[in-house]
Amino acid sequence: MNQVGLEEKVKNYMNNLDTYLTKEMPDGTELSGGEWQRIAIARGFLKDSDLILLDEPTAALDPITEMKIFEIFHALSKNITSITISHRIGPTRFSDRIIVMENGEIVEEGHFNELMSKKGIYYEMYKSQAKWYQEEKQTMGVG
C-alpha cells in the first residue's frame with residue numbers, strides 16, 4: 001500500500017486492511033477511480049508475476065491522476081514485462097517500445113523519441129491529446 005501511495009489512507013480506516021471497499025457493507029468505504037487503479041496495481045505486484053497486462057487502465061481518470069498512476073506503475077515494474085493497451089498517449093513516454101495500430105495493423109513502432117521524430121500517426125495523436133494535459137494543469141494551477 002505504501003508503494004502505491006495508499007498507506008496513510010488505509011491507516012485512517014477503522015478496520016485498516018480489513019475494510020470493505022463498498023458502502024454496501026457495514027463500515028465500508030468508497031474509493032475514487034484513481035484509488036481503485038492504485039489498488040489494482042498493488043494487487044498485480046502481490047502476485048509476483050513475470051508479466052502484467054493493463055487494458056485501458058486509466059481511461060476514466062483525469063490526465064494528471066493518470067500520469068501519477070503511470071509514474072507509480074513505471075517505478076514498480078522495472079524488472080517486469082508489462083503491456084499497456086490504451087488510446088491515451090500521455091503515459092507512453094514511460095514505454096520502452098510503442099506499437100501504434102490502425103485497423104488491426106501495426107503502422108508504427110519504436111520508442112517515444114523515434115515516433116515523435118517520424119511525425120506520423122503517433123506524433124499527430126500525441127499533439128492532439130497534449131492539450132488535455134495542459135488544460136488539466138492550468139485548471140489545477142500546476143505549471
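Residues being closer than 20 Å to residue 35 by Cα, in contact with a helix residue (DSSP H, G or I) (Cβ under 6 Å, 6 or more places away or on another chain) and assigned to a strand (DSSP E or B): count how many of those fall in segment 57-104.
Qualifying residue count for the region: 0.
Does segment 89-110 hold any residues that are in contact with a Lys or Arg (Cβ under 8 Å, 6 or more places away or on another chain) and either among the charged types (D, E, K, R) or at pLDDT below 95 (or both), and which are they?
Taking segment 89-110 as the starting set, the residues that turn out to be in contact with a Lys or Arg (Cβ under 8 Å, 6 or more places away or on another chain) are 108-110.
Correct list: 108, 109.
Run residue 66 past the list (1) surrounded by 15 or more Cβ atoms within 10 Å (Cβ to Cβ); (2) in contact with a Phe, Trp or Tyr (Cβ under 8 Å, 6 or more places away or on another chain) and report the number of the one that doesn't hold.
(2)
For segment 115-126, which residues satisfy the criterion of being modelled with pLDDT under 95 and either charged (D, E, K, R) or surrounded by fewer than 13 Cβ atoms within 10 Å (Cβ to Cβ) (or both)?
124
Here's the yes/no breakdown for (1) without any contact (Cβ under 8 Å) to a residue 40 or more places away in the chain; (2) more than 25 Å from residue 41 (Cα to Cα):
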| position | (1), (2) |
| --- | --- |
| 90 | no, no |
| 95 | yes, no |
| 99 | yes, no |
| 110 | yes, yes |
| 117 | yes, yes |
| 124 | yes, yes |
| 131 | yes, yes |
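Give the residue, chosen from 31, 21, 54, that is of a type outside the set (D, E, K, R), at pLDDT 80 or above and not in a loop (DSSP other than H, G, I, E, B). Working first, answer last.
Values: 31 fails: not in a loop (DSSP other than H, G, I, E, B); 21 fails: not in a loop (DSSP other than H, G, I, E, B).
54 is the lone residue from the list that is of a type outside the set (D, E, K, R), at pLDDT 80 or above and not in a loop (DSSP other than H, G, I, E, B).
The values are calculated or read from the model by the stated rules, or taken from the named source; none is laboratory data. The model shown is predicted, which means the values in this text are computed figures rather than measured ones. Here Cβ is always computed from backbone atoms with ideal geometry, including for glycine, and neighbour counts include all displayed protein chains.
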